[in-house]
Amino acid sequence: MKIIRISGMIILDDYEEICEYFGIPATCPRKIKAALSEANGDEVEVEINSGGGHVFAGFEIFNLLKTYAGKVTVKIYSLAASA
């Protein structure tokens with residue numbers, strides 16, 4: 001089983017490098033897509049602790065998880081606010 005952590009702000013892919021440079025915790029669709037690709041259809045557990053963020057990036061992440069071929073279990077740790 002692969003564990004995927006969604007934490008910090010939800011951001012567009014274009015802002016990933018900026019957040020990493022400044023050490024700002026963030027999650028973008030590109031990270032989730034890569035993690036799901038690595039899981040290769042195996043079971044995935046998603047751990048969420050996020051205050052939300054960009055709505056379109058949030059919907060893209062939702063759709064990636066919804067259409068994933070394997071089983072997806074989501075656990076919320078502390079906060080899962082609106083994106």
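The values are calculated or read from the model by the stated rules, or taken from the named source; none is laboratory data. Only a predicted model underlies this, so the values are computations on that prediction, with no experimental measurement involved. Reconstructed Cβ throughout: ideal geometry from the backbone, glycine too, with neighbour counts over all protein chains shown. Quick note on the areas: whole protein, heavy atoms, side chains included, nothing else; ligands and nucleic acids left out. Shrake-Rupley method; radii C 1.70, N 1.55, O 1.52, S 1.80 Å.
Here the relative contact order of the chain, from alpha carbon pairs under 8 Å that lie six or more residues apart, stands at 37 percent. The gain in end-to-end length when the residue 20 to residue 59 segment is fully stretched comes to 11.9 nm, 0.36 nm per residue minus the alpha carbon separation. For the chain, the longest principal axis of the Cα atoms and the long axis of helix 29-39 meet at an angle of about 30 degrees. Compute the angle between helix 55-66 and the longest alpha-carbon principal axis of the chain, please, reported from 0 to 90 degrees and rounded to the nearest 10. It works out to around 10 degrees. For the peptides 10-21, 49-60, 26-37, 70-81, residues were scored by their other Cβ atoms within 10 Å and the scores averaged per peptide; the highest-first order is 26-37, 49-60, 10-21, 70-81. Looking at the chain, the pairs of alpha carbons with a distance over 16 Å make up 48% of the total.
Only protein atoms count toward the accessible area here, which uses a 1.4 Å probe; on the chain, the carbon and sulfur part of that area reaches 55 percent. Projecting label points 7 angstrom from Cα along Cα→Cβ for residue 45 and residue 82 puts them 3.1 nm apart.
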